[in-house]
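Structure first, then comments.
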Amino acid sequence: MNLIIQFGETFFATILDVIPIVLIIFGFQWFVIRRPMPNMTKVITGFVLVLVGLSCFLIGLEKALFPLGKLMAQQLTDPSFIAEGLSATTQALQWHDYKWVYLFAFMIGFSTTIAEPSLIAVAMKASKVSGGAISIWGLRIAVGFGVAIGISLGTFRIVTGTPLEYYIMVGYIIVVIQTFFAPRLIIALAYDSGGVTTSTVTVPLVAALGLGLASTVPGRSAVLDGFGLIAFASLFPMITVMAYAQISERRSKVKHNRSKGD
Amino acid sequence: MKKQFQAFLHSLTNSFRDLAPIIIVIVFFQTVVLQQSIPNVSEILIGTFLVALGLSLFIQGLEMGLFPVGEAMAFALAKKGSIFWLFAFAFALGFGTTLAEPALIAVAAEAAEVAAGGGMIEPTDAAKSNYASGLRFTVALSVGLSIMLGVLRILKGWPIHYLIIGGYVCIVVMTGFAPKEIIGIAYDSGGVTTSTITVPLVTALGIGLASSIKGRNPMIDGFGLIAFASLMPILFVMAYGMVLLS
């Protein structure tokens, strides 16, 4: 019974999110384009499926993954857990005592990105447009590694308290340099992949991790240092996606040369 | 009917495979690192099943609804040949979807707390809600403008990296002048703007547009709209912070 009420609530919340989109699309269709949309029934079925699907998805996350994930983020950042593995003589916690936090950040960043629906959508499109040259899984794994590296570096930043700007600027410089060496076809997609990574699955878990860390590490303020993890998670996928393209280009070149030599 | 059912079953299996990494990570950390048992196993199983079911339905709906609509609108507006309406659509899509974005509402509320705590604004509820809605409006405006700029780029065929690198330079310069309390939020705001429904629509719009204009390559020119939508908010939010302080 509870589940049904919850489903109803989430479903209406999702509908509210979608209303502006539907109004814009159908407003333009009727008043500007003034022609019926092709395959109207199919499109409407598609929208209903998206709504129902997204609602199930969100309720499932709320029920199963978020409570446990958030609890774990709290427990892992708890100073008493971190101090447990250390000898009693050390006084203050050092940055390397947080090793489980970094590993958790890396793994949760990777695994939540793999399940991110908007990334699946972009990967499907990219694979189709590129005629299969970019594989759905290749792109998803490349982005997943980017988010993983980004978030674990972000937690390291919160622990050490170094300024966010420095990391972001170094990241920008790497992106700019890579842009000149990466295959031209991948550049726009790589830039896009920064923005699609962080939505429904990743943000709540990552926010819990950042907040947990910023409120327990001595000298950090939850409000000032808790931000910034999402910025990391949107920067590093650009780097890994371009790297993925560079590696696969080099590989196919090597293969090509070899087959020429035969 | 049987065939459809089989296809759905197949996509459900795929969704479970997509979720497997999260489950492995959580079980590993809970049992090996934290050394605790897993609470509410039945709740978690039901939840995981719902997530997988939802993901399958979403992907099905994506192919039936969101992708075709995005592309059909791009084709129709390109055929109409009116740049005004194309820009109006691009702006409306960016602005309208961002203003209603739940992730942004949450981040803006949190940002208001930070600003009040840091003494940037009065610590009253009215000032906070004023600040939060100002922030949301700023971000929505910037996303609307970025989708417009992205559409203009597709029409003109400009190479994306000059625009993006130019944007980075602006961000770096502005970081030097913006108030400290706003920087983290500004950088984060770029990532939270594009939701699960907006991304497929905007992607389909770009690709549809690039494939309906002669001489444009959908791979090179069609992607990139989301990149603008995640860069511009950073600039606009920092500008918002600077205007408020001065």
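The values are calculated or read from the model by the stated rules, or taken from the named source; none is laboratory data. Note that the coordinates shown come from a computational prediction; the quantities given were computed from them, not determined experimentally. Positions of Cβ are generated from backbone atoms using ideal geometry, with glycine treated the same way; all protein chains shown enter the neighbour counts. These accessible areas exclude ligands, DNA and RNA; they are computed on the full protein's heavy atoms, side chains included. Shrake-Rupley method; radii C 1.70, N 1.55, O 1.52, S 1.80 Å.
Points worth noting:
- Of all residues in the range A:211-249, those being of a type outside the set (D, E) and at the interface with chain B (Cβ under 10 Å from one of its Cβ atoms) number 16.
- Evaluation of A:M169 against (1) open to solvent by 10 Å² or more (accessible area, probe 1.4 Å); (2) more than 8 Å from every other protein chain (Cβ to nearest Cβ) (one fails), failing number: (2)
- In the range B:40-67, residue nearest to A:L23 (Cα to Cα) [restricted to those that are of a type outside the set (A, V, I, L, M) and open to solvent by less than 50 Å² (accessible area, probe 1.4 Å)]: B:G65
- When the residues of the range A:117-130 are filtered to those that are open to solvent by less than 10 Å² (accessible area, probe 1.4 Å) and more than 8 Å from chain B (Cβ to nearest Cβ), the one that is nearest to B:I22 (Cα to Cα) is A:L119.
Conditions tested, residue by residue: (1) among the basic types (K, R); (2) on the phi > 0 side of the Ramachandran plot; (3) open to solvent by 10 Å² or more (accessible area, probe 1.4 Å); (4) at the interface with chain A (Cβ under 10 Å from one of its Cβ atoms).
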residue: B:V139; (1), (2), (3), (4): no, no, no, no
residue: B:L145; (1), (2), (3), (4): no, no, yes, no
residue: B:V151; (1), (2), (3), (4): no, no, no, no
residue: B:L155; (1), (2), (3), (4): no, no, yes, no
residue: B:I165; (1), (2), (3), (4): no, no, yes, yes
residue: B:V172; (1), (2), (3), (4): no, no, yes, yes
residue: B:P179; (1), (2), (3), (4): no, no, yes, no
residue: B:L201; (1), (2), (3), (4): no, no, no, yes
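- For the range A:173-186, the count of residues that are surrounded by 24 or more Cβ atoms within 10 Å (Cβ to Cβ) and touching a residue at least 40 places away in the same chain (Cβ under 8 Å) is nonzero.
- Residue in the range B:29-37 that is without any contact (Cβ under 8 Å) to a residue 40 or more places away in the chain, open to solvent by 50 Å² or more (accessible area, probe 1.4 Å) and assigned to a helix (DSSP H, G or I) present: yes
- Condition met for A:F181 (more than 21 Å from A:I114 (Cα to Cα), more than 9 Å from chain B (Cβ to nearest Cβ) and among the aromatic types (F, W, Y)): yes
- Filter result (more than 7 Å from every other protein chain (Cβ to nearest Cβ) and either touching a residue at least 60 places away in the same chain (Cβ under 8 Å) or out of contact with any helix residue (DSSP H, G or I) (no Cβ under 9 Å at 6 or more places or on another chain) (or both)) within the range B:183-199: B:S189, B:T193, B:T198
- Taking the range A:1-102 and the helices (runs of 4 or more DSSP H) fully enclosed by it, the elements with 1 or more residues that are modelled with pLDDT of 85 or more and open to solvent by less than 70 Å² (accessible area, probe 1.4 Å) are at A:2-28, A:40-60.
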